[in-house]
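Participant: Sharing a structure here in structure tokens format.
The values are calculated or read from the model by the stated rules, or taken from the named source; none is laboratory data. Note that the structure is a prediction, hence the values are computed from the model and not measured. Using ideal geometry, Cβ is built from the backbone for each residue, glycine included, and neighbour counts are taken over all protein chains shown. For the accessible areas, the whole protein counts, side chains as well, though only heavy atoms, and no ligand, DNA or RNA atoms are used. Shrake-Rupley method; radii C 1.70, N 1.55, O 1.52, S 1.80 Å.
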Amino acid sequence: MNRVRGIVMLLAGCFALYEGWRMLTGRRAVFAIILGIVALGLAAWHLTRKEPKRLV
């Protein structure tokens, strides 16, 4: 499940960065770029994390 979450966050981060770059100025562009950076960080965290061991 972590791989799927990582890939989805990677796509969301790339989309947010693209939209921020496309707007380029203004408060919404800054928020989009910050959101994209955070999403890429979360994607890296999800993709590098080990799968938890199942109890059953």
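Participant: Can you work out which of the residues in region 7-27 that are under 15 Å from Ile37 (Cβ atoms) and not aliphatic (A, V, I, L, M) is most open to solvent (accessible area, probe 1.4 Å)?
Facilitator: Among those that are under 15 Å from Ile37 (Cβ atoms) and not aliphatic (A, V, I, L, M), it is Trp21.
Participant: Separate question: Give region 1-38 a look and list any residue that's without any contact (Cβ under 8 Å) to a residue 24 or more places away in the chain and of a type in the set (D, E, K, R), or say none.
Facilitator: Glu19, Arg22, Arg27, Arg28
Residue-wise test of (1) open to solvent by 50 Å² or more (accessible area, probe 1.4 Å); (2) at pLDDT 95 or above; (3) part of a loop (DSSP other than H, G, I, E, B); (4) not acidic (Asp, Glu).
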| residue | (1), (2), (3), (4) |
| --- | --- |
| Val4 | yes, no, no, yes |
| Val38 | yes, yes, no, yes |
| Leu42 | yes, no, no, yes |
| Leu47 | yes, no, no, yes |
| Lys50 | yes, no, yes, yes |
| Val56 | yes, no, yes, yes |
